[in-house]
Amino acid sequence: GTSGGAAESLEACLRAFTTEEQLLSEERCWCSSCAALQDASKQMSIERLPNVLCLQLKRFRQESRGKQTSKMDSFVQFPLASLNMYRYTSAFLTARDGKGRKTPTPPPPACGGGGGGGG
């Protein structure tokens, strides 16, 4: 939340961090196979959990699809015990989504990339 709203949980912040985002419009990726911009997606995750975890939370939120930012001044509740960080790891997200290792989405077959053969 922003602007004096109710406290958010650390878990909610971590869920937002690991939510898959669609890259559309000006955020699209360049496809060298078809020489055009393509819609894509990205998802952040934690590859390997450290022995000691240090977190730095952003104080500003970038509005979706815009250049405007807003200051976040709500408190974040940190659990003192039983924080399950596994739910935010690459291994968990890959198993949950039933996908292999996250890699850039190949271009659609109409682009001439991603099919069998060369490339």
Problem - All strands (runs of 3 or more DSSP E) inside the range 1-55 with 2 or more residues being of a type in the set (G, A, S) and modelled with pLDDT under 90 - result: 40-42
Practice task
Return yes or no: is S41 over 18 Å from T18 (Cα atoms) and either surrounded by 10 or more Cβ atoms within 10 Å (Cβ to Cβ) or touching an Asp or Glu at 6+ places or on another chain (Cβ under 9 Å) (or both)?
Solution key: no
Completion exercise
Reported set for the range 56-84 where residues are among the aliphatic types (A, V, I, L, M), closer than 28 Å to A95 by Cα and modelled with pLDDT of 85 or more is L83
Exercise for the section: Give the residue that is modelled with the highest pLDDT, with candidates limited to residues of the range 85-103 that are open to solvent by 60 Å² or more (accessible area, probe 1.4 Å) and not in a helix (DSSP H, G or I). Expected result: G98
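The values are calculated or read from the model by the stated rules, or taken from the named source; none is laboratory data. In this text the structure is predicted, and so the values were computed from the model without any measurement. Note that each Cβ is placed from the backbone with ideal geometry, even for glycine, and that neighbours are counted across all protein chains shown. Each accessible area value is taken on the protein alone, full model and side chains, heavy atoms only, with ligands, DNA and RNA left out. Shrake-Rupley method; radii C 1.70, N 1.55, O 1.52, S 1.80 Å.
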